[in-house]
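Working notes, structure below.
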Amino acid sequence: MSEMEKKSTAPDKSWLQRAAESEFFHNYKRSPSAIIGTVIVVLVLFIALCGPLFAPQNPYDVGSLSLTDSYKPPMWQEGGEPHFIFGTDSQGRDIFSSLIYGSRISLFIGVVGTLLACAVGITLGLISGYFGGKVDALIMRLADILLSFPDILVALFIMTMFGRGVSKLLAVFTIIGCVTYIRTVRAEVLTVKQMEYVDAARVIGIPNLLIIAKHVLPNVMTTIIVLSTMKVGGLILAEATLSFLGVGVPVTEPSLGMLVKNGFDVLFSGYWWIAVLPGIYIMLIVFGINLLGDFLRDEFNPKLK
C-alpha cells in the first residue's frame, strides 16, 4: 500500500487528540505558572459554584446566627472552635461560609462585567476600525473622554449618583471597561482590513457585516481572549475597592470586598481574621487569574516568542 493510500485510509484525529498534540498544550504542560493558575481558578470556581452545598451555614440567614458566637477566632488560635474554621464576625457569621458566598458575587461581577464590556467594546471597535470616517472619529473621541478621567473617579461618580447594587456595578464596569476593547480591537482591525483576502471579499460583493464576522473578527479573537482573562481579575479588584469605599454592593448582597470593609472596622481591635482572610482570598483569586492570563499572553503574542 502506498504512502498516499495509508494517509487516505487513516482515521481522522478527534479535536481532543489534535489539541493534546498541539504546541499550545505542549507549552502549557511545561509551564508551572500556567498549571498553578489553572488549579487556582478551577478550585475557586468549584468553591463558588458548589460551595453552598458544603458550607457550614448560610451566613445571610439571620435565623441561623447567634450573637454568642461573635468574634470567635480561627480554629488554630486559642479559643477557636473546630466548626468555625476561619472564625466568626460581630454577628456570629462563619467567615469560611461568608468567603464561599461572597466569592459567588465577586466572580459573577468580574465575569459578567468583562463579558458586557467585551461585547460593547468589540462592537464599537469593529465599527470604528472597519468603516472609519466620521463614525470612527466620534467613537474614538468618546473613548478619549472616558480615558481622560481615572476609572475609579468615574465609578465613584456614577455609583454615588445612582446608588449601590450589582446591576449598577455591571453598568459602570461596562462603561469603563469597554474603552480598552475599543482601542485594542480598532488597532487590530486597521491592520486586518488591509489584507488581500479582505479586499478580495469586498471585490466579489460580500456584505460588510459578513466580512467582519467571517474574516475580521476571527483574527482579533486571540487578543480579545488574553485581554478578557486579565480584565476579570481587574474587575474583581475594582469591585472590592468600591465596596470597601462603601459605594459597591449593598449589605444584603455582600461580596469579598464588603467582607474586607466590615472587618477593617475592627481590625485594630485584634479581630484581624475578619478582614485579613477575605483579603488573602481576593489576592489568591486575582493571582491565579493573572498567572493564567500571562501564559495566554505569551502564547498568543508572536512578538514574545
R141, R186, reordered so the largest accessible area comes first (probe 1.4 Å): R141, R186
Local electrostatic count, Y181, Cβ distance below 13 Å [Lys/Arg +1, Asp/Glu -1]: +2
Accessible surface of region 160-226, 1.4 Å probe, proportion on carbon and sulfur as whole %: 65 percent
Given K29/K214; K193/K231; K168/K261, the pairs whose alpha carbons are separated by over 24 Å: K29/K214; K193/K231
Segments 255-263, 195-203, 150-158 sorted - mean Cβ within 10 Å per residue, highest first: 255-263, 150-158, 195-203
Globularity ratio of region 21-142, using Cα Rg and 2.2 N^0.38 Å: 1.67
Using a Förster distance of 22 Å, the FRET efficiency for Q77-M283 (Cβ separation, nearest 0.05): 0.55
Net charge of neighbours whose Cβ lies under 15 Å from the Cβ of Y130, counting Lys and Arg as +1 and Asp and Glu as -1: +3
For M140, net neighbour charge (Lys/Arg +1, Asp/Glu -1) across residues whose Cβ lies under 10 Å away: +1
Probe 1.4 Å, all protein chains present, accessible-area order of T123, T223, largest first: T123, T223
Of all accessible heavy-atom area on region 35-131, the percent that carbon and sulfur account for (1.4 Å): 71 percent
Cα-Cα P(r), the chain, percent of pairs per 20 Å interval: 27, 47, 22, 4, 0
Heavy-atom surface of the chain, accessible at 1.4 Å and reported per residue (Å²): 55 Å²
DSSP H segments from the chain that extend 18 Å or more along their own axis, Cα-based, with Kyte-Doolittle mean of 0.5 or above: 32-54, 95-131, 133-147, 166-192, 217-244, 273-300
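The values are calculated or read from the model by the stated rules, or taken from the named source; none is laboratory data. Just so we're clear, the structure is a prediction, and the values are computed from it rather than from any experiment. No Cβ is skipped: glycine too gets one built from the backbone with ideal geometry, and neighbour counts run over all protein chains shown. Note: accessible area is taken over every heavy atom of the protein model, side chains too, but ligands, DNA and RNA are not part of it. Shrake-Rupley method; radii C 1.70, N 1.55, O 1.52, S 1.80 Å.
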